[in-house]
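Quick notes on the structure that follows.
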Amino acid sequence: MRLVFQTFVDRLVESRDPNDLGDGLAETAAALNLCCFAYLSLPRAPGALPLLISNYPSTWTSLYLQRQYERIDPVIVQATRHPGPFRWGLGVGLAASSDSERLLFEEAARFGIRCGFTIPIHDSSGAIAAVTFAADERRSTFERTIDDHALVLQLMAIFFHAHAQRKIAFDNRIDGVNLSPREVECLKWAAEGKSAWETGRIMGISRHTVAFHLENAKAKLGVRSTIQAVARLASARSST
């Protein structure tokens with residue numbers, strides 16, 4: 001276990017972007033017989049989107065963000081209220097108390113997410129996040145890993161959150177202006193010459209949502225065109 005944890009920390013230190021961070025946690029989870037994970041950091045600014053790094057099916061994560069399920073997800077609600085780790089699913093822990101919550105659980109189950117172990121994170125800056133290790137059923141290997149390594153998993157979650165917050169905060173700041181992760185991602189694809197429709201297909205969102213994020217980015221940066229916003233992004237990256 002010591003070697004697995006050290007390799008995980010090394011991957012975090014070497015990570016250059018959210019994809020690297022996610023790959024590092026995915027590899028570590030697989031080494032511990034935990035097939036899938038999700039890191040969700042709740043936004044502190046009104047109207048901002050949560051940060052989601054996960055190896056869940058992209059169809060599900062896109063749907064989750066589009067429908068703003070983090071606002072009603074019993075797992076996330078529990079994580080915001082209590083700092084202690086908890087198990088959920090398949091008759092254990094949390095239960096749906098409304099039709100919308102029941103629908104959320106049913107939709108998640110269709111993507112193989114039926115139970116899990118969630119570690120809430122309430123850091124000193126006021127940020128609230130959660131790392132969840134999930135499975136389609138309570139297999140003995142899943143249960144044994146949680147039982148044997150719960151404390152290590154909590155440390156992994158704290159380390160991951162710290163690196164994610166530092167990396168994302170750095171990546172999303174352009175000339176003193178904070179952009180959301182989605183705004184930056186849309187600008188990056190625009191810099192690659194992708195249209196709003198193409199970017200939407202890549203990110204799993206609609207063309208109109210891409211346009212919305214680009215408009216927000218332009219407004220924050222005080223520019224009139226996407227080309228100008230992309231140029232600001234490129235200039236900020238070249239100076240770091």
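Restricting to the stretch 60-111, what's the tally of residues that are of a type outside the set (Lys, Arg) and in a helix (DSSP H, G or I)? Final tally of qualifying residues: 26. Within the stretch 216-235, the set of residues being under 13 Å from Lys188 (Cα atoms), at pLDDT 90 or above and open to solvent by 60 Å² or more (accessible area, probe 1.4 Å) comprises Ile227, Gln228.
The criterion of being under 17 Å from Val4 (Cα atoms) and either surrounded by fewer than 17 Cβ atoms within 10 Å (Cβ to Cβ) or in contact with a Phe, Trp or Tyr (Cβ under 8 Å, 6 or more places away or on another chain) (or both) does not hold for Ala129. When Asp99 is tested against (1) over 18 Å from Glu143 (Cα atoms); (2) surrounded by 11 or more Cβ atoms within 10 Å (Cβ to Cβ); (3) not hydroxyl-bearing (Ser, Thr, Tyr), only condition (2) is not met. Restricting Ile146, Ile158, Ile205 to those that are closer than 25 Å to Leu21 by Cβ and free of Cβ contacts under 8 Å to residues at least 40 places away in the same chain reduces the list to Ile158.
Can you work out which of the residues in the stretch 52-83 that are among the small types (Gly, Ala, Ser) and touching a residue at least 40 places away in the same chain (Cβ under 8 Å) is most open to solvent (accessible area, probe 1.4 Å)? Here the answer is Ser58. Filtering the stretch 1-44 to residues that are without any contact (Cβ under 8 Å) to a residue 24 or more places away in the chain and either among the aromatic types (Phe, Trp, Tyr) or farther than 17 Å from His163 by Cα (or both) leaves Arg2, Leu3, Ala30.
Okay, residues lined up against (1) of a type in the set (Val, Ile, Thr); (2) modelled with pLDDT under 85:
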residue: His122; (1), (2): no, no
residue: Ile146; (1), (2): yes, no
residue: Phe170; (1), (2): no, yes
residue: Gly176; (1), (2): no, yes
residue: Pro181; (1), (2): no, yes
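Before we move on, is Ala190 open to solvent by less than 50 Å² (accessible area, probe 1.4 Å) and either in contact with a Ser or Thr (Cβ under 9 Å, 6 or more places away or on another chain) or assigned to a helix (DSSP H, G or I) (or both)? Spelling it out, Ala190 is indeed open to solvent by less than 50 Å² (accessible area, probe 1.4 Å) and either in contact with a Ser or Thr (Cβ under 9 Å, 6 or more places away or on another chain) or assigned to a helix (DSSP H, G or I) (or both). Only one residue in Leu40, Leu49, Leu34 is over 25 Å from Leu151 (Cβ atoms), touching a helix residue (DSSP H, G or I) at 6+ places or on another chain (Cβ under 7 Å) and either open to solvent by 20 Å² or more (accessible area, probe 1.4 Å) or not in a helix (DSSP H, G or I) (or both), so which one is that? So the residue among Leu40, Leu49, Leu34 that is over 25 Å from Leu151 (Cβ atoms), touching a helix residue (DSSP H, G or I) at 6+ places or on another chain (Cβ under 7 Å) and either open to solvent by 20 Å² or more (accessible area, probe 1.4 Å) or not in a helix (DSSP H, G or I) (or both) is Leu49. Taking the numbered list (1) more than 15 Å from Cys36 (Cα to Cα); (2) out of contact with any Leu (no Cβ under 9 Å at 6 or more places or on another chain); (3) in contact (Cβ under 8 Å) with a residue 40 or more places away in the chain in turn, Glu106 passes all entries but (3). The set of residues from the stretch 80-129 being closer than 18 Å to Ser58 by Cα and of a type in the set (Val, Ile, Thr) comprises just one member, Ile113. The residue that is most open to solvent (accessible area, probe 1.4 Å), among those in the stretch 202-215 that are at pLDDT below 90 and part of a helix (DSSP H, G or I), is Ile202.
The values are calculated or read from the model by the stated rules, or taken from the named source; none is laboratory data. Small disclaimer: the values here were computed from a predicted structure and weren't measured. As a convention, Cβ positions derive from the backbone with ideal geometry for all residues, glycine included, and neighbour counts pool all protein chains shown. Quick note on the areas: whole protein, heavy atoms, side chains included, nothing else; ligands and nucleic acids left out. Shrake-Rupley method; radii C 1.70, N 1.55, O 1.52, S 1.80 Å.
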